[in-house]
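Worksheet: one structure, shown below.
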């Protein structure tokens with residue numbers, strides 16, 4: 001490889017590394033004070049053998065559980081990475097931290113402090129013509145907060161969040177809005193001492209509406225805003241970088 005070309009590649013690598021570091025720094029200082037979420041990722045996908053990196057948070061403001069078990073809240077913050085297997089297929093991975101706040105009917109809220117959280121998923125682009133794209137997605141998130149004690153009894157909880165989504169977008173260059181729907185299920189797994197119970201989300205509220213926007217900052221950096229309703233109440237934000 002010629003020295004000049006090698007220098008260009010080295011410069012690009014340095015620029016990419018610096019930009020990614022700035023994204024991580026922004027996440028460290030901003031996310032603790034603001035509640036954001038990016039559960040469906042939108043329709044923007046990496047090309048084959050390319051990567052997207054992002055900082056994101058997934059916050060559930062209200063999700064009802066089955067059989068009058070009350071409602072649940074959760075805030076999760078992640079570093080994420082998407083890889084383009086093909087131009088029409090991407091794999092999404094993320095790792096971070098999250099909490100669970102579960103409010104039984106007639107009782108005080110159980111507040112499980114923040115600990116490990118992670119997720120994975122994939123997206124399949126099945127329509128791409130001119131400025132219109134349509135994507136089918138699957139995502140799973142698992143939250144493992146710290147245990148708490150009520151009196152002498154140890155309480156432990158895990159949250160499993162599953163969803164399938166279908167999204168369609170139109171690219172206006174300065175902004176790309178998208179709209180879609182998702183089927184979702186949330187499992188609240190709860191231990192009281194050694195007794196384990198699994199409580200699923202209200203099955204009559206499994207279909208949700210998704211509305212979001214991708215807003216470019218540069219050719220490689222963009223912001224994603226997203227909201228969901230009906231199945232749960234949530235709002236979305238992520239800062240993304242392509243390399």
Practice problem: Kindly indicate which of 168, 157 is touching a strand residue (DSSP E or B) at 6+ places or on another chain (Cβ under 8 Å), assigned to a strand (DSSP E or B) and crowded, with 17+ Cβ neighbours inside 10 Å. | Solution: 157
Self-check item: Conditions (1) without any contact (Cβ under 8 Å) to a residue 40 or more places away in the chain; (2) part of a strand (DSSP E or B); (3) surrounded by fewer than 16 Cβ atoms within 10 Å (Cβ to Cβ); number of the one not met by residue 62
Solution: (1)
Quiz item: Exactly one of (1) out of contact with any helix residue (DSSP H, G or I) (no Cβ under 9 Å at 6 or more places or on another chain); (2) within 20 Å of residue 237 (Cα to Cα) is unmet by residue 57. Its number?
Solution: (1)
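Every residue, every condition in (1) surrounded by fewer than 16 Cβ atoms within 10 Å (Cβ to Cβ); (2) in contact (Cβ under 8 Å) with a residue 24 or more places away in the chain; (3) touching a helix residue (DSSP H, G or I) at 6+ places or on another chain (Cβ under 8 Å); (4) closer than 20 Å to residue 160 by Cα, yes or no:
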residue	(1), (2), (3), (4)
176	no, yes, no, no
179	yes, yes, no, no
192	yes, yes, no, yes
197	yes, no, no, yes
205	yes, yes, no, yes
213	no, yes, no, no
Quiz item: Only one of these conditions is not met by residue 52: (1) in a loop (DSSP other than H, G, I, E, B); (2) modelled with pLDDT of 95 or more; (3) within 16 Å of the chain's Cα centre (by Cα). Which number is it?
Solution: (1)
Quiz item: In region 107-119, which residues are part of a strand (DSSP E or B) and surrounded by fewer than 15 Cβ atoms within 10 Å (Cβ to Cβ)?
Solution: 111, 113, 115, 116
Quiz item: If you check 243, 230, which single one turns out to be surrounded by fewer than 21 Cβ atoms within 10 Å (Cβ to Cβ), in contact with a helix residue (DSSP H, G or I) (Cβ under 8 Å, 6 or more places away or on another chain), modelled with pLDDT under 95 and closer than 24 Å to residue 73 by Cα?
Solution: 230
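Scan region 225-234 and tell me whether some residue there is under 15 Å from the mean Cα position of the chain (by Cα), in contact (Cβ under 8 Å) with a residue 24 or more places away in the chain and not in a strand (DSSP E or B). Lay out the reasoning, then the answer.
At the first step, the residues of region 225-234 found to be under 15 Å from the mean Cα position of the chain (by Cα) are 225-228, 232-234.
Okay, now just the ones that are also in contact (Cβ under 8 Å) with a residue 24 or more places away in the chain, so 226, 228, 232-234.
Restricting the remaining residues to those that are not in a strand (DSSP E or B) gives 232.
Yes, the conditions are met somewhere in region 225-234.
Looking at the structure I just gave you, is residue 145 under 22 Å from residue 184 (Cβ atoms), at pLDDT below 95 and out of contact with any helix residue (DSSP H, G or I) (no Cβ under 7 Å at 6 or more places or on another chain)? Outline the logic, then answer.
Details: under 22 Å from residue 184 (Cβ atoms): yes; at pLDDT below 95: no; out of contact with any helix residue (DSSP H, G or I) (no Cβ under 7 Å at 6 or more places or on another chain): yes.
Taking the combined requirement at face value, the residue does not satisfy it.
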Quiz item: So is residue 139 touching a helix residue (DSSP H, G or I) at 6+ places or on another chain (Cβ under 7 Å) and under 29 Å from residue 44 (Cα atoms) or not?
Solution: no
Quiz item: Which ones in region 122-153 are assigned to a strand (DSSP E or B), in contact (Cβ under 8 Å) with a residue 40 or more places away in the chain and surrounded by 12 or more Cβ atoms within 10 Å (Cβ to Cβ)?
Solution: 123, 125, 127, 128, 133, 134, 135, 137, 139, 141, 143
Exercise. Would you be able to tell me the number of residues in region 96-106 that are touching a residue at least 24 places away in the same chain (Cβ under 8 Å) and surrounded by fewer than 18 Cβ atoms within 10 Å (Cβ to Cβ)?
Key: 4
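The values are calculated or read from the model by the stated rules, or taken from the named source; none is laboratory data. Everything numeric here is computed off the predicted structure, so don't read it as measured data. Virtual Cβ from ideal backbone geometry, glycine too; neighbours counted across all protein chains shown.
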